[in-house]
Amino acid sequence: MSRWRAVAPGRVNLIGEHTDYNGLPVLPIAIDRAIRIEFRVTDDAAVRLHSPVERFAPFAFRLRRPIRAANRGDWSTYVRAAARGLLEHGIDLRRGIEGTVSGDVPVASGLSSSSALVVASALALLKANGMGVEDGPGDGGAGRAAAELAPDEDPASERPAAKTVSRLELAALMARAERFAGSRGGGMDQAACLHGVEGHALCIEFEPLRVTPVAVPERWRWVVASSLERAEKSAGARDAYNERARQCREALRGVGGGYRDLVAEPDLDGVLRRARGVLAPALFRRFRHVVTEGRRVALAEGAMRDGDLGRFGELMVQSHASLRDDYEVSTASLDEIVEIALEAGAAGARLTGAGFGGCVVALCEERTAGTVMEALATRFFAPRLGGSPGRDAIFAAKASGGAGVGRAHHK
Ligand code: NG1
């Protein structure tokens, strides 16, 4: 019996936080940590999955509309969302999957384990039903199926996939599908997961979705450190997140125009003065974060292309201050990690992902990455954990390839 594996990486957003759902670009990397679904194809249209992790209980559901929602916080939500997204798009799912989900993307850490699970589920279901995923125009060009997969062949018959979906199409489809989980997210995570390119950051633009890989200079290192606070998007943080999205829409109604045009206006200070005059103080701060962050993404992309580590780092520091003071999504622990990283020699550091806990990403030169990690271990983790942090608490993330599906290697 053929065994298959769908692999979908997590991501670290380098800059462009809370901009995606406002139609503004983001600059993440797909990372060398992934969610994996090892499965066999079944003849009945049902999904049966389990996990070696005890708190993730086994589940099963039929691939027939309507797909019932799971309880809030239940991990099957993300698999159900993928299936529902495909079915509502008119994709016929006659065959199902049965298997095991595992992975090393820390959960509820702002590293997008949820979207990785959504994308892996979609790839597995498409594969089971003889459909493939391929690069399309605007997809960024690189062939990037995850390195750990054997060559991709059709499961039942060895025929080539009957029908294909482009990576961009699937990213957009899964961004919508993940909203079934209740979060009014933008499209960054699913696009980053599907479009990862080794050694590259991804400039992702929206409406229409477009991905442009940008080479990360060779000596730049990304240190990721966890605040040890869970940013549970399927639970509490979701309301705070959705509230921010609502405030952004309301602020825009007050100011008039669209975020993209406002960010492109040469006189950004003039835009902010105007906004201050018409918006209540809290709404003004949300607005200021979005437009200044939009500006910073374009500047950061330029700094990366120029290999200007100092400039990129500065923009990260500004981004964090804006997320802390104007967008109010940071926490004392995230602020402390940023401070320690900068004092230890990082070029820049900021919270990554939605915030409310989760992780910080620090940009370091090759030779300072170790020093920064040690400083965090001693000053942040040791007092809290009473020992060294594990590999989920602090690690160096590598810009990696995107999601794929293929035969599982036999062990
Ligand atoms: P995470 O970090 O996965 O909670 C969320 C959204 C993104 C983006 C960021 C903030 C989802 C699936 N993801 O990411 O689209 O808006 O927050 O920049 O909702």
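The values are calculated or read from the model by the stated rules, or taken from the named source; none is laboratory data. Everything quoted here is computed from the prediction, not taken from an experiment. Glycine also receives a Cβ, built like all others from the backbone with ideal geometry; neighbour counts cover every protein chain displayed. Ligands, DNA and RNA are stripped out before the accessible areas are found, and what is left, the full protein with its side chains, is counted by its heavy atoms. Shrake-Rupley method; radii C 1.70, N 1.55, O 1.52, S 1.80 Å.
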Note to self: If I filter segment 353-363 for residues that are in contact (Cβ under 8 Å) with a residue 24 or more places away in the chain and away from the ligand (no atom under 16 Å from the Cβ), do I get at least one hit?
What the structure shows: yes
Next item on the list: Give the residues of segment 330-346 that are within 16 Å of the ligand (Cβ to nearest atom) and either in contact with a Lys or Arg (Cβ under 7 Å, 6 or more places away or on another chain) or part of a strand (DSSP E or B) (or both), sorted by residue number.
Entry: S330
Notebook entry, point to check: Among the residues of segment 20-41, how many are away from the ligand (no atom under 11 Å from the Cβ) and either open to solvent by 10 Å² or more (accessible area, probe 1.4 Å) or in contact with a Phe, Trp or Tyr (Cβ under 9 Å, 6 or more places away or on another chain) (or both)?
Noted result: 13
Next item on the list: Please state which of the following conditions G390 fails to meet, knowing it meets all the rest: (1) touching a residue at least 12 places away in the same chain (Cβ under 8 Å); (2) within 20 Å of V107 (Cβ to Cβ).
Entry: (1)
Item checked: Odd one out for A341 among (1) farther than 24 Å from D189 by Cα; (2) open to solvent by 10 Å² or more (accessible area, probe 1.4 Å) -> (2)
Note to self: Can you pull out every residue in segment 347-357 that is open to solvent by less than 10 Å² (accessible area, probe 1.4 Å), touching a Ser or Thr at 6+ places or on another chain (Cβ under 8 Å) and either hydrophobic (A, V, I, L, M, F, W, C) or assigned to a strand (DSSP E or B) (or both)?
What the structure shows: R350, L351
Check: Quick check, is V329 modelled with pLDDT of 95 or more, within 28 Å of L283 (Cα to Cα) and open to solvent by 30 Å² or more (accessible area, probe 1.4 Å)?
Finding: no
Next item on the list: Return a yes/no flag: does segment 33-50 have any residue that is in contact with a helix residue (DSSP H, G or I) (Cβ under 6 Å, 6 or more places away or on another chain), at pLDDT 95 or above and among the polar types (S, T, N, Q).
Entry: no
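Okay, residues lined up against (1) exposed (fewer than 13 other Cβ atoms within 10 Å of the Cβ); (2) under 21 Å from V329 (Cα atoms):
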| position | (1), (2) |
| --- | --- |
| Y259 | no, yes |
| P266 | yes, no |
| G270 | yes, no |
| V278 | no, no |
| L283 | no, yes |
| G294 | no, yes |
Notebook entry, point to check: Only one residue in E17, E88, E54 is of a type in the set (D, E) and within 16 Å of the ligand (Cβ to nearest atom), so which one is that?
Noted result: E17
